1. In the list B:LEU35, B:LEU88, which residue meets the criterion of being in contact with an Asp or Glu (Cβ under 8 Å, 6 or more places away or on another chain) and of a type in the set (A, V, I, L, M, F, W, C)?
2. Is it the case, given these coordinates, that B:SER137 is within 11 Å of chain A (Cβ to nearest Cβ) and either over 26 Å from A:GLY33 (Cβ atoms) or touching a residue at least 12 places away in the same chain (Cβ under 8 Å) (or both)?
3. List the helices (runs of 4 or more DSSP H) inside segment A:80-154, counting only whole elements, that have at least 1 residues being away from chain B (no Cβ under 14 Å) and within 21 Å of B:ARG132 (Cα to Cα).
4. From the list B:THR5, B:THR66, B:THR87, pick out the single residue that is farther than 24 Å from B:GLU160 by Cβ, among the hydroxyl-bearing types (Ser, Thr, Tyr) and in contact with a strand residue (DSSP E or B) (Cβ under 8 Å, 6 or more places away or on another chain).
5. Kindly check whether there is at least one residue in segment B:89-96 that is at the interface with chain A (Cβ under 10 Å from one of its Cβ atoms), assigned to a helix (DSSP H, G or I) and modelled with pLDDT of 95 or more.
6. Could you say whether any residue in segment B:65-77 is crowded, with 16+ Cβ neighbours inside 10 Å, hydrophobic (A, V, I, L, M, F, W, C), at pLDDT 95 or above and within 17 Å of the chain's Cα centre (by Cα)?
7. Scan segment B:140-174 for residues that are modelled with pLDDT under 95 and within 14 Å of chain A (Cβ to nearest Cβ) and jot them down.
8. Would you please list the contacts, defined by Cβ atoms under 9 Å and residues six or more apart or on different chains, that run from a residue in segment B:144-168 that is within 19 Å of B:LYS210 (Cα to Cα) and free of Cβ contacts under 8 Å to residues at least 60 places away in the same chain to a residue that is of a type in the set (Phe, Trp, Tyr) and in a helix (DSSP H, G or I)?
Amino acid sequence: MDTLTNPAPGAVVETEGADRPKKLRFATVWLGGCSGCHMSFLDLDEWLFELAKYAEVVFSPVGSDAKIFPDQVDICLAEGAVANEENLEFIQKVRSRSKLLISFGDCAVNGNVTAMRNPSATVEEILDRCYLELADLSPQYPREPGIVPPLIKQALPVHQVVPVDVFLPGCPPSAAQIQSALESLFTGEAQTAKLKFG
Amino acid sequence: MAVVTLTIDGVAIAAEANASILQAARSAGIAIPTLCHLEGVSDVGGCRLCVVEVAGINKLLPACVTQVAEGMAVQTNTPTLQSYRRTLVELLFAEGNHVCSVCVANNHCELQDMATTVGMDHSHFAYQFPKRDVDVSHEKFGLDRNRCIYCTRCIRVCDEIEGARVWDIAFRGERVKLIAGLDQSWGDVEACTSCGKCVDACPTGALFKKGSTVAEMTRDRDRLQFLQSAREEHQWTR
């Protein structure tokens, strides 16, 4: 992946008029989650145009073609728990390149469904159960070194791996909750939507 | 009945002398959060969410088991209490395996609602992910120990209203566990009358009706209070 190149960081920022504030560099990342939070993000519908007034999407599985997480990101939404070695490495990179990191949805906030493997089983037991015992055809482990990242011992909430600035629980957080959280960051006004797990 | 006067959050209130601070506050329309309290059964002061500050007393007191007294000055919602309450709820979430999104009680759960009430957006404590089991040996109901917060409402309702005393708490510390009978499978406990009052009493999705799926389970909380008032005050209808 690192052989792919991005547009030079910063080059994609629109030229801003002197009277207009510089847009925030906005990113979303997808770790060990189902992408439901990102679907809910897309549910912002026409408010995405409002978002575009404040922010430029510099990295996102649903809003950008960039393959490499850029430098100097202002706000980053992180969906999913930290479940495998790729997530672990990636979230550290994301943290070091983002001013404000938001745990986006229950998997990021508390592990949620992704962490349901934690209490009862080792990684080997989980893989046996999923890929051998429950397999319909040709039971085997997915083993492609360098492509399929190995699971880490437990799936962890993001804040148990790197410091997190804002928490936005929900499975998924509703579009109204996402809008409220982002608006409060853009405008500095207090959040209006109530938080809710599940 | 003797009456005492006290203030709660600065409001002058008259209450029966044997009332608890919680009863006095609620009768005056002042909400104090609770999880282990259940109308119709005795109070145990277990969850500590109802702790309040009483002037002149140097420790926090649980409102559900503290009797009112003449001239008492009670504060129910100071920043200190708010912070303790949030911490308590965070500990409950970190201690068990509470996965709201796949729980039968999602959207009908007192623990989930309490997180919203106290403004919890995550737990500051490391999630323990304890290994706990599920008992679906009963014909009609199930017990998912992952979701149990040891409020003991089921124990009290079974003991005090149904009179069967199927439930109890066994072991201590992180090994604490809700047990049926003498730590038997629920379905093997002959004392159980299958009345379902424990299921109606449970604040979370720990006790559930079999066949309910995610977010489907609702409960008849008022049934328990109705049974008690039927028994004590002979109000036979609701």
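The values are calculated or read from the model by the stated rules, or taken from the named source; none is laboratory data. Computed from a predicted structure; not experimentally measured. Cβ coordinates were reconstructed from backbone atoms using ideal geometry, including for glycine residues, and neighbour counts include every protein chain displayed.
1. The match here is B:LEU35.
2. For B:SER137, the condition - within 11 Å of chain A (Cβ to nearest Cβ) and either over 26 Å from A:GLY33 (Cβ atoms) or touching a residue at least 12 places away in the same chain (Cβ under 8 Å) (or both) - is not met.
3. Numbers: elements: A:85-97, A:106-110, A:123-127.
Answer list for segment A:80-154: A:123-127.
4. On the way: B:THR66 fails: farther than 24 Å from B:GLU160 by Cβ; B:THR87 fails: in contact with a strand residue (DSSP E or B) (Cβ under 8 Å, 6 or more places away or on another chain).
Criteria check complete, one pass: B:THR5.
5. Yes.
6. Yes, some residue in segment B:65-77 is crowded, with 16+ Cβ neighbours inside 10 Å, hydrophobic (A, V, I, L, M, F, W, C), at pLDDT 95 or above and within 17 Å of the chain's Cα centre (by Cα).
7. Of everything in segment B:140-174, just one residue is modelled with pLDDT under 95 and within 14 Å of chain A (Cβ to nearest Cβ), namely B:GLU174.
8. Matching pairs, first to second residue: B:VAL166/B:TRP186.
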